[in-house]
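The values are calculated or read from the model by the stated rules, or taken from the named source; none is laboratory data. What you are looking at is a predicted structure, and each value in this text was computed from that prediction instead of being measured. Quick reminder, even Gly has a Cβ in these numbers, built from the backbone with ideal geometry, and neighbours come from all protein chains shown. When the accessible area is computed, the model is the full protein with side chains, heavy atoms only, and any ligands, DNA or RNA have been set aside. Shrake-Rupley method; radii C 1.70, N 1.55, O 1.52, S 1.80 Å.
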Amino acid sequence: QALIRLEGITKRFSTDELETHALANVHLEIYPGEFVSITGPSGCGKSTLLSILGLLDSISEGRYILNGTPVERLSVDERSRIRNREIGIIFQSFNLIGDLTVAENVELPLTYRGLSAPQRKQAVEQALEQVGMSHRLRHYPAQLSGGQQQRVAVARALAGTPAILLADEPTGNLDSTNGEAVMELLRALHRAGTTICMVTHEPRFTSYGDRTVWMLDGQVIGVGKAGEMASQS
Ligand code: ADP
Ligand code: ADP
């Protein structure tokens, strides 16, 4: 069974004068254990698609089935509950909280999940171990490099053992060395069983995944093995 199934998703944004079709009739399936990359030029709808997958944005038309549950008509509360349980997200700009330590940042989302303090502590340590940041528990984000901050953001996203990790341009604010290190981390997590869906405008990073979705003007124009799709561009 697909972990994620999008059926004919359309997303419109209305402004004063005109209506933008950010997404037009998008179909997509993601299976457990897959690493799917979504790529295409700026403005093609990648971020909008990821926001919809992450239950951060609503759908204009179509159906979104997440782990067997149609989520497009859920209440805001239901949606938050499912987001907290099923989805971990990392962003281009890391989005760590500056006046919390590394450990506190990773623990924060766990506080909404009814875990005891010792359970939270164990989940935080395990997640930081997974990303190789156990030695920075008491540091603050500003004391870390960009690559290290993104590792902590990955730990925060994974600490609650979500069904899928979503990544929106995870290397966008990193130099190429740190960018590649974060991609290697995603590859290692994928090999260890994590389901990943990443948005990137850099075709070379799609080779880290096992399937690429190619977008243009709000539509999916191709799906295939990473290498094959990249060579079409
Ligand atoms: P990408 O991530 O591929 O750069 P986006 O998903 O950000 O593309 O944007 C797709 C299209 O939708 C663009 O034309 C963009 O200007 C438009 N768009 C995105 N978000 C909004 C919004 N909140 N309001 C109006 N238009 C938007
Ligand atoms: P990114 O480069 O990370 O994809 P964008 O510049 O596309 O970021 O979008 C940043 C934010 O602005 C997003 O929340 C997006 O929904 C919003 N946005 C993008 N295009 C528009 C637009 N034309 N009008 C209003 N909001 C927009």
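Considering only residues that are within 16 Å of ligand 1 (Cβ to nearest atom) and touching a Ser or Thr at 6+ places or on another chain (Cβ under 7 Å), which ones fall in the range 148-170?
Our first condition is that a residue be within 16 Å of ligand 1 (Cβ to nearest atom); within the range 148-170, this holds for 166-170.
Once the filter is applied, which keeps residues that are within 16 Å of ligand 1 (Cβ to nearest atom) and touching a Ser or Thr at 6+ places or on another chain (Cβ under 7 Å), the range 148-170 yields D168, E169.
Quick one: how many residues across the range 52-64 are open to solvent by less than 10 Å² (accessible area, probe 1.4 Å) and either closer than 26 Å to M183 by Cβ or within 10 Å of ligand 1 (Cβ to nearest atom) (or both)? I'd like the intermediate steps shown before the answer.
From the range 52-64, those open to solvent by less than 10 Å² (accessible area, probe 1.4 Å) are 52-55, 64; that's our starting set.
Within this subset, residues satisfying the condition of being either closer than 26 Å to M183 by Cβ or within 10 Å of ligand 1 (Cβ to nearest atom) (or both) are 52-55.
Here the count works out to 4.
If you check A226, A230, which single one turns out to be at pLDDT below 90 and in contact with an Asp or Glu (Cβ under 8 Å, 6 or more places away or on another chain)?
Answer to the selection: A226.
Looking at F94 and the list (1) in a strand (DSSP E or B); (2) open to solvent by less than 60 Å² (accessible area, probe 1.4 Å), which single condition is not satisfied?
Going through the list (1) in a strand (DSSP E or B); (2) open to solvent by less than 60 Å² (accessible area, probe 1.4 Å), F94 breaks only (1).
Can you pull out the residues in the range 97-117 that are over 17 Å from P162 (Cβ atoms) and modelled with pLDDT under 95?
First, the residues of the range 97-117 that are over 17 Å from P162 (Cβ atoms): 97-104, 116-117.
Within the range 97-117, S116, A117 meet the criteria.
Restricting to the range 151-173, count the residues that are in a loop (DSSP other than H, G, I, E, B) and open to solvent by 40 Å² or more (accessible area, probe 1.4 Å).
Quick first cut of the range 151-173, residues in a loop (DSSP other than H, G, I, E, B) only: 159-163, 169-173.
Then drop every residue that is not open to solvent by 40 Å² or more (accessible area, probe 1.4 Å), which leaves 161, 173.
Count: 2.
Suppose we filter the range 117-150 for residues that are surrounded by fewer than 16 Cβ atoms within 10 Å (Cβ to Cβ) and assigned to a helix (DSSP H, G or I); how many remain?
So the answer is 10.
Can you name the number of the only condition in (1) open to solvent by less than 40 Å² (accessible area, probe 1.4 Å); (2) out of contact with any Leu (no Cβ under 6 Å at 6 or more places or on another chain); (3) of a type in the set (S, T, N, Q) that N105 fails?
Among (1) open to solvent by less than 40 Å² (accessible area, probe 1.4 Å); (2) out of contact with any Leu (no Cβ under 6 Å at 6 or more places or on another chain); (3) of a type in the set (S, T, N, Q), the lone unmet condition for N105 is (2).
Select from the range 1-51 the residues that are in contact (Cβ under 8 Å) with a residue 60 or more places away in the chain, of a type in the set (S, T, N, Q) and loosely packed, with under 14 Cβ neighbours inside 10 Å and write down the one among them that is nearest to ligand 1 (Cβ to nearest atom).
The extreme case among them is S42.
Yes/no matrix, rows are residues, columns are (1) part of a strand (DSSP E or B); (2) over 21 Å from N84 (Cα atoms); (3) among the hydroxyl-bearing types (S, T, Y):
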{"residue": "L6", "(1), (2), (3)": "yes, no, no"}
{"residue": "R12", "(1), (2), (3)": "yes, yes, no"}
{"residue": "V26", "(1), (2), (3)": "yes, yes, no"}
{"residue": "I38", "(1), (2), (3)": "yes, yes, no"}
{"residue": "C44", "(1), (2), (3)": "no, yes, no"}
{"residue": "L50", "(1), (2), (3)": "no, no, no"}
{"residue": "S58", "(1), (2), (3)": "no, no, yes"}
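Considering (1) open to solvent by 20 Å² or more (accessible area, probe 1.4 Å); (2) of a type in the set (K, R); (3) in contact with a Leu (Cβ under 7 Å, 6 or more places away or on another chain), say which one R81 fails and leave the rest.
The single condition R81 does not satisfy is (3).
Say whether the condition of being among the basic types (K, R) and in contact with a Gly (Cβ under 8 Å, 6 or more places away or on another chain) is met by at least one residue in the range 12-29. Talk me through it step by step, then tell me what you get.
As a first pass, look at the range 12-29 and keep what is among the basic types (K, R): 12.
Remaining after also requiring in contact with a Gly (Cβ under 8 Å, 6 or more places away or on another chain): none.
No, because not a single residue in the range 12-29 is among the basic types (K, R) and in contact with a Gly (Cβ under 8 Å, 6 or more places away or on another chain).
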